[in-house]
Amino acid sequence: FPFEGDNEGVAISDQEIPTDNTQVAVAVGYPGEHKNGWKDTGKPLISLGKMFREKPKEMTPYMREVMAKHMKETGKKEGINLNVFFTGRVLPGNSGGPLVDKQGKVVGVCHGPRGTLGKEDGIERFSDFRPILRQIVSPT
């Protein structure tokens, strides 16, 4: 994994996340209370994998019309998809830790392992919080 970052502190990635699993990423966590179960090294947990988004579901023109009508009537807005999927292993201690791109910039935050030891289906879920940050920093 060729890490290209040299920034200090936390930097937010501006990278777009592809819908296929071609983009390399690293999950970082610290075992904390779980360290006895995961070798007491005092070092962070590092997991290499690939990140991707689910392919957007195609809406028919009629379904778009129904959704637009519903949102207008209820005042609700269509939700933002914050899901990022990761093929690397996630263990206890990764929860709340960052998913970083090749430049060492944060793309998302770990929800914690899915299933037993995080590998029942081979895919872990993170949240891409960047759209929320953009709304807070520059509300429309």
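Each value in this text was obtained by applying a stated rule to the coordinates, not by laboratory testing. Just so we're clear, the structure is a prediction, and the values are computed from it rather than from any experiment. Because the Cβ atoms are built from the backbone with ideal geometry, glycine has one as well, and the counts that use them run over all protein chains shown.
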Across 76/105; 43/105; 50/102, pairs whose alpha-carbon gap is larger than 22 Å: 76/105
Neighbour cut-off at most 15 other Cβ (10 Å), DSSP loop, trypsin sites (Lys or Arg not before Pro), region 50-97: 57, 76, 77
Residue 67-residue 10 pseudo-label distance in nm [points 7 Å out on the Cα-to-Cβ vector]: 3.0 nm
